[in-house]
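To start, the structure under review is shown below, and the notes come after it.
The values are calculated or read from the model by the stated rules, or taken from the named source; none is laboratory data. The shown structure was predicted, so the numbers you read here are calculated from the model rather than taken from an experiment. Every residue, glycine among them, receives a Cβ derived from its backbone with ideal geometry; neighbour counts consider all protein chains shown. We work out accessible area using only protein heavy atoms, side chains counted, and drop any ligands, DNA or RNA first. Shrake-Rupley method; radii C 1.70, N 1.55, O 1.52, S 1.80 Å.
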Amino acid sequence: MIDPNHPRAKSLQTREQLVSGVTKGITSLNGLISHGRGEAFDYLLSEKSHDFALEAVSAAAASLALAKYPVLCTNGNSSALVPEAYVMLSKLLQCPIEINLFHRTVERERKIQKHLESFGATTVLGVGNEASEVVPGIASPRKHVSPQGIRKADVVFIPLEDGDRTEAVVQLGKTVITVDLNPLSRTAKMANITIVDNIIRCMPLLIQKIKEYKKLPKHKLEKIITEYDNQKILLDAEKAMRKGKG
Ligand code: PTJ
């Protein structure tokens, strides 16, 4: 039990969520290493959501609100950290969640599916043979995707991703939205929209923005997307990190 008065209570709770994810068989051991990388970048951001993240959240919300067939992709880390947010987002957008793992086992896919369903998820794709299609150009098991999910989607939300898949999915003509605390990663550079923020902080912001944007006319949402510049956002994030704590 973490004392809420501990100065790093939130960070310790997040670590516990991932450790518990490993214990439950949801998160891979490698996911802990990945989280450590994320923590280091988050420290340089003073663990807060900056303007460049809010701007990317706006573009992501506009793209998802306009999408004809959005899909929310999840892995062992995002499923352990923000399961409620995934379910809320899928209900809000009336879209499926697709499990897509780097360290793929059907056993872990089933556990993640059950975990998400325990939070109210109704359509969870990508488990076992259901991921029957292959995205060309991907060297990892992440190439296996669902015909009703990533393969069919026009806009794909893929946080904590790896670069080769981002590139391959973009090449299929889909809009890729990612969340990555590292603005220098290949994923961050290859995605159409990169939210440089901790997934635990930006998911509530994204949900709120989509609720707001669902009331806006189409041309206003299109304007937000057209004016968005991902290269600038990444540069702003890098500058903020170089400047250090602030
Ligand atoms: O569950 P699996 O098998 O699909 O594996 C998932 C991981 C995350 C282990 C796998 O995709 C992986 O190895 O990812 P990476 O390349 O280590 O991490 C992807 C990026 O996510 C890195 O740039 C991290 O800095 C970033 N990251 C880690 N935690 C967070 C994060 N970004 C936002 N929020 C976080 N909480």
Any residue that is open to solvent by 20 Å² or more (accessible area, probe 1.4 Å) and assigned to a helix (DSSP H, G or I) - is there at least one of those in the stretch 71-81? no
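Here is a yes/no grid of residues against (1) within 14 Å of the ligand (Cβ to nearest atom); (2) touching a residue at least 24 places away in the same chain (Cβ under 8 Å):
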{"residue": "Leu32", "(1), (2)": "yes, no"}
{"residue": "Gly36", "(1), (2)": "yes, no"}
{"residue": "Ala40", "(1), (2)": "yes, no"}
{"residue": "His50", "(1), (2)": "yes, yes"}
{"residue": "Ala59", "(1), (2)": "no, yes"}
{"residue": "Ala65", "(1), (2)": "no, yes"}
{"residue": "Lys68", "(1), (2)": "no, yes"}
{"residue": "Ser79", "(1), (2)": "yes, yes"}
For Asp3, the lone unmet condition from (1) within 20 Å of His144 (Cβ to Cβ); (2) among the charged types (D, E, K, R); (3) open to solvent by 20 Å² or more (accessible area, probe 1.4 Å) is (1)
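Please find, within the stretch 139-153, the residue that is surrounded by the most Cβ atoms within 10 Å (Cβ to Cβ) out of those that are charged (D, E, K, R) and farther than 25 Å from Asn182 by Cα. Walk me through how you get there before you give the answer.
Initial filter on the stretch 139-153 (charged (D, E, K, R)): 142-143, 151-152.
Narrowing further to those that are farther than 25 Å from Asn182 by Cα: 151-152.
Values: Arg151: 20, Lys152: 16.
By that ranking, first place goes to Arg151.
Can you tell me which residue is farthest from the ligand (Cβ to nearest atom) among those in the stretch 89-108 that are assigned to a helix (DSSP H, G or I) and surrounded by fewer than 20 Cβ atoms within 10 Å (Cβ to Cβ)?
Pass one, the stretch 89-108, residues assigned to a helix (DSSP H, G or I): 89-93, 106-108.
From the residues that got through so far, the ones that are surrounded by fewer than 20 Cβ atoms within 10 Å (Cβ to Cβ) too are 91-92, 106-107.
On the way: Lys91: 22, Leu92: 21, Val106: 13, Glu107: 12 Å.
The residue in question is Lys91.
Do we find a residue being open to solvent by 60 Å² or more (accessible area, probe 1.4 Å), more than 16 Å from the ligand (Cβ to nearest atom) and modelled with pLDDT of 95 or more anywhere in the stretch 236-245? Lay out the reasoning, then the answer.
So in the stretch 236-245, the residues open to solvent by 60 Å² or more (accessible area, probe 1.4 Å) come out as 239, 242-243, 245.
Checking which are more than 16 Å from the ligand (Cβ to nearest atom) leaves us with 239, 242-243, 245.
Those left that are additionally modelled with pLDDT of 95 or more: 239.
Checking the stretch 236-245: at least one residue is open to solvent by 60 Å² or more (accessible area, probe 1.4 Å), more than 16 Å from the ligand (Cβ to nearest atom) and modelled with pLDDT of 95 or more.
For the stretch 145-167, which residues satisfy the criterion of being acidic (Asp, Glu) and more than 10 Å from the ligand (Cβ to nearest atom)?
Of the residues in the stretch 145-167, the ones acidic (Asp, Glu) are 154, 161-162, 164, 167.
Once the filter is applied, which keeps residues that are acidic (Asp, Glu) and more than 10 Å from the ligand (Cβ to nearest atom), the stretch 145-167 yields Asp154, Asp164, Glu167.
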Flagged in the stretch 168-196 as away from the ligand (no atom under 11 Å from the Cβ), among the polar types (S, T, N, Q) and part of a loop (DSSP other than H, G, I, E, B), in numbering order, are Asn192
